[in-house]
Every structure is written in structure tokens, then in C-alpha cells.
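To start, the structure itself, in C-alpha cells.
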Amino acid sequence: ALLPFIQRRVHGYFEGDANQAVLQRVYGIAFPQEKLLKQWKEIQEEAAKRDHRTIGRQQELFNFHEVSPGSAFWMPHGARIYNCLIEFVRKQYRRRGFTEVISPNIYNAKLWMVSGHWEHYKDAMFRTTCEHEEFGLKPMNCPGHCILFSLRPRSYKELPIRMAEFGVLHRNELSGALTGLTRVRRFQQDDAHIFARMDQIEEEMLGALDFLNHVYGVFGFIFHLKLSTRPANALGTKEMWDTAEARLTSALNSYCGIPSEVADPTAEGKTFVFDGTPATLKKYKLAEKKREKAEGEAFVPPQHAPWELNAGDGAFYGPKIDICVEDALKRKHQCATIQLDFNMPERFGLKYTLPQAEATVASPSSPVTPSAATVIEETKVQQAEVDQIKKEHKDHVHAHGQHSPMDAARELGIDRSLDPNQARPVMIHRAIFGSLERCIAILCEHYGGKWPFWLSPRQIVVIPVSKPQEEFAREVRNKFHGEDFHCDIDDSNGTLEKKIRNSQLAQYNFILVCGEKEVTMKAVDVRTRDNNRHGQKTVDEMLAWFQELRSSNSQQY
């Protein structure tokens, strides 16, 4: 018999509409065995201890106030984590060919009409009126990056252009949906947009997947890939979506090591095409088991587990690769996303120039020149997009009799026409953390508040045994502080044991004790927050150790 367990009861609007009646919603779960119910309860108890809202208050990282619902107030120690994550990704940007930009926080409604957000996303935006013109706070960075791309002529030799921004975004979430850092109204993303040629898509997708593999590896995350396809409210034509989805499928298969045709384990001599559906997923796993058995010790597993199809869950402007991370409690969280967009470049009239000779004939051996087939494919997609935009214009005017996306584009001076020697870039939306707020919430619960040294807001505390050692303790603290480590000194009047215990509870990674012997030797007695003793080490030895832990993003301490 199933063992039912009621999780919680909440109130909510019928169909999520604030104008509808308020109903009570009951969440429950059932288990076929008592031991599974017991395991689940243990996980829930551990999850409650790791709740990021509780840890945020205990460690004085962040808090919220009714004066700005859904917007976190970041305290000094929380800001350290926030800025450390930004710097961590910023270093990767330099290595991976991204350049940072800064765009405005508020735009005229005409820009949102051109992008399609005004029609599809207006209710989730904070809007205002200034000098009889409507404006909206940006909920995403992509339209601003399109403007940046269009500010001067672009050549095919420049592509791909990889723009990154830690922009402040605002989304008007319903107050009842706000939940700690996981659902907020004000947040920042590690947002990037790549403008590429059609023949560069797969390489850029693989580069993005390699990027997130590196980042999640540092955090110790296992991640799962899903291809989210055309939703009901999709912008653009079916042809455009089919092209985009095919490109993402090819990139995912390449990254996961899935061949174009897989030997069918259920039918000798036959093959099947993997498409991420449950049926082919089951076949693929059987095929891999069969291959492992046949190859024995020579078997090399694929780089990554196979991706899954998430039909109908793409963004309204393009399909996407959704990435779910698995934390220490085996819970899955949506974080990163990689989205392919043919629609936005068309709407903003983005273009780049081809060599005159490439307008009709291309050299297939050239590493930077798009092929003739690529130009033809881009032209087909672009014509389909133009037809779709014209249709939307007619529908909008017919339904509303007011300013349409085409009117807004005209007023902003957007020229969607292409000369014979011009082509339209493809846009790739990419975020690895998603929002920093949500990522910090997940990391907080993943680590249980025990931050690894390189990310910790409380890395080192120096404790003098008695008054005579305080001067040396301050010298030690100042040396580490001068090297940009978060180092404090505890010169309070408590006993040594109490100071050490308080430091462990505060989650200092390293506790350095200074007594008479240490002052004489210019050394410190070292222990970690888990009470492991490492004996005496000189200050210079500790500095070298700290620098190694920081530069390697080690999770050891």
C-alpha cells in the first residue's frame, strides 16, 4: 500500500490569476515502502537546515525588507560572495574571447515593441511614463546588445562577437511567487550574447557547453542537458524554428558523443536516430551497456550523459538548451541556459558585410569566409522572418489600431533590408549562473553554508592567546588582508577554547592561533573549521598555501 505524506498547504489564485478566487492548494507525496518515506524525511530535514534564507541570516549575507519586496539587501559578507563569483567568470571571459559591455537599465517602449517583449512580456515588466513616452526597466539584456551591435558597420571577419554584461535586471513577479533568492524582482545575470555566422553556430554552442562544464566542475555540480523546443506563443516561422532546433540538436549530439545513427540494441543490424525522447533515451542507454560489455576494458564512456527533449518549453523567440544542476542533496535546479535566436537579429536589422566575391561564390577552404550554402540558408530564414514580422504588423494594427513593431522600428531608424553583399548574424543567448541571486541560493544549500576557501566570505581568523600576542596577531592579519584575503582578528576577552569554537561556528575556513612560541618563530598554529590540526607553519608558508587554494578554486578547505 502507498504511504501518503502531506507536505504543505498554501493559498493561491485560481489559474494564477489575481482576479480569480483564492483557493487552498495541498501538496502531497506517496511512497511504496516505509524506508523510502524515512529517507525522504531525512533529506527534508537536512534541506531545512541548509535553507539559504536561514544561512543568509545566520551568516549575515543578505536579507529582505518590505520597502523593496523581491530585492535583496546584500550585507558585506554576502557582497564578498557576489563579487567573487563575478570575478571568477570575468577571468574566464578574458580566456574565452568575451568582451564586457554596459548598457542602460531603462528603454523607450519602442525598443521593446521592436524586440517583441512589449507584446509578449509587458505585464512582467516595470513600466513608467516620461514626457508622454512609455518606458520599461529591462528584464533582459538582449535588445540592448542588439543596439550595441548595430552602432557601426560590421564585417564577416569580426564574427563571432561575444558580448558579456553583468547587467541589473528587473521583472515584475507576483508578490506571492517571491521566494528568498530563488525568485526575485531585482537580479543580475552573467549574461552574454554571441553574434555569429550560420556556419559558426555549432562551434559556439560547443564552446558554451565547455564553459559551463568548467564552471560547474569547480562547484562540484553534476548537470543534465535538455533541449527545449517551440512553445505555443513562439515568434517567427516554423521553418526558422526547425533550422534553429536542428542546429542545437547537432551541437548537443556532438558534445554528448552521440553519433548521427546509433546501433539499435533491440534489432540486429538496424540503427536509430537519437532525438532525446524517452523511447530513444531508453534505447541509447541499452546500446551503451551493450557496447561496454562488448569492448570490456577498452570501453570509453561518452563525455556526458545523453540530453533529453523538453518539447514546447523554449523561449518565445527561439529554442534553448536548459541545464539542470544536481546539488549535494540530489535535488535538481534550473540554472544555465543557451538559446539560439534567428528572430532578434532580423527585428533589429542586424547585418554584416561579405566580401563582394562572396555574395555569390565562396571559397569552402577559407576558415573565416561563410560558404555559399551558408548564405543561401541564411537568406531563406531571413525571408521567412520578414514575412512573419509583416504579418505581426498587420495583426497588431488590426487588433489594436495603434503603434506597431514596424512603426517603432521605423521611428528608431532600423533598416531591415540587406544588400547583395550583406548577411544576417545569428544570436546566441548564454548564461551560466542564470541569475547570481539564484545561483548563490543553490550554492548556499549545496555547501550547507560551508563555503570553499576561494569563495568564502570568512576565510581566515587570527586568535592571540593573550594580550602580549595581540600586536603580532595584528601583523599577521594585516599581511593576509594586504594580499586580498578576508582575514579577521578575534581579540575579545573570551577563553581560547571559546574563541576557536565561535570561529568554527562562524565557518572560518582557517583558524590561526598565536602564542608565545608562535611569536618567537614568526609562525601560527593552524587548524580548520572541522577541527583538524595542521601544526605550526610560518606566515609565508600559510600565504603560499592560501594563494594556491584561491588560484586553483579548490574545494578542499
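The values are calculated or read from the model by the stated rules, or taken from the named source; none is laboratory data. Remember, predicted model here, so these are calculated numbers, not experimental data. Every residue, glycine as well, gets a Cβ built from its backbone with ideal geometry; the counts of neighbours run over all protein chains shown. Keep in mind that these areas ignore ligands, DNA and RNA; they rest on the heavy atoms of the full protein, side chains included. Shrake-Rupley method; radii C 1.70, N 1.55, O 1.52, S 1.80 Å.
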Residue 496 passes all but one of the listed conditions (1) aliphatic (A, V, I, L, M); (2) at pLDDT below 95; (3) under 30 Å from residue 215 (Cα atoms); the exception is number (3)
(1) touching a Gly at 6+ places or on another chain (Cβ under 7 Å); (2) open to solvent by less than 50 Å² (accessible area, probe 1.4 Å) all hold for residue 555 apart from (2)
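Does residue 470 qualify as being open to solvent by less than 30 Å² (accessible area, probe 1.4 Å), modelled with pLDDT under 95, part of a helix (DSSP H, G or I) and in contact with a Pro (Cβ under 8 Å, 6 or more places away or on another chain)?
Here the answer is yes, as residue 470 does meet what is asked.
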Among the residues of the stretch 22-80, the number that are open to solvent by 70 Å² or more (accessible area, probe 1.4 Å), among the acidic types (Asp, Glu) and within 30 Å of residue 488 (Cβ to Cβ) is 1
Residues of the stretch 191-244 being among the acidic types (Asp, Glu) and under 14 Å from the mean Cα position of the chain (by Cα), in sequence order, are 191, 210
Flagged pairs (Cβ under 6 angstrom, 6 or more apart or on separate chains; first in the stretch 120-137, without any contact (Cβ under 8 Å) to a residue 60 or more places away in the chain; second open to solvent by 70 Å² or more (accessible area, probe 1.4 Å) and among the hydrophobic types (A, V, I, L, M, F, W, C)) are 135/106; 137/106
When the stretch 238-257 is checked residue by residue, the ones that are open to solvent by less than 20 Å² (accessible area, probe 1.4 Å) and out of contact with any Leu (no Cβ under 8 Å at 6 or more places or on another chain) are 240, 241
Selection from the stretch 169-216 of residues in a loop (DSSP other than H, G, I, E, B) and within 26 Å of residue 82 (Cβ to Cβ) yields 171, 172, 173, 174, 178, 180, 181, 182, 184, 185
In the stretch 473-490, anything among the aliphatic types (A, V, I, L, M) and in a helix (DSSP H, G or I) is listed as 473, 476
When restricted to 506, 523, the only residue of a type in the set (A, V, I, L, M, F, W, C) and without any contact (Cβ under 8 Å) to a residue 60 or more places away in the chain is 523
Taking the stretch 448-507 and the residues there that are of a type in the set (Phe, Trp, Tyr) and touching a strand residue (DSSP E or B) at 6+ places or on another chain (Cβ under 7 Å), the one that is farthest from residue 88 (Cα to Cα) would be 472
Residue check: is residue 484 open to solvent by 60 Å² or more (accessible area, probe 1.4 Å) and free of Cβ contacts under 8 Å to residues at least 24 places away in the same chain?
yes
Flagged in the stretch 497-526 as open to solvent by 50 Å² or more (accessible area, probe 1.4 Å) and either part of a helix (DSSP H, G or I) or not charged (D, E, K, R) (or both), in numbering order, are 497, 498, 501, 502, 505, 516, 517, 520, 521
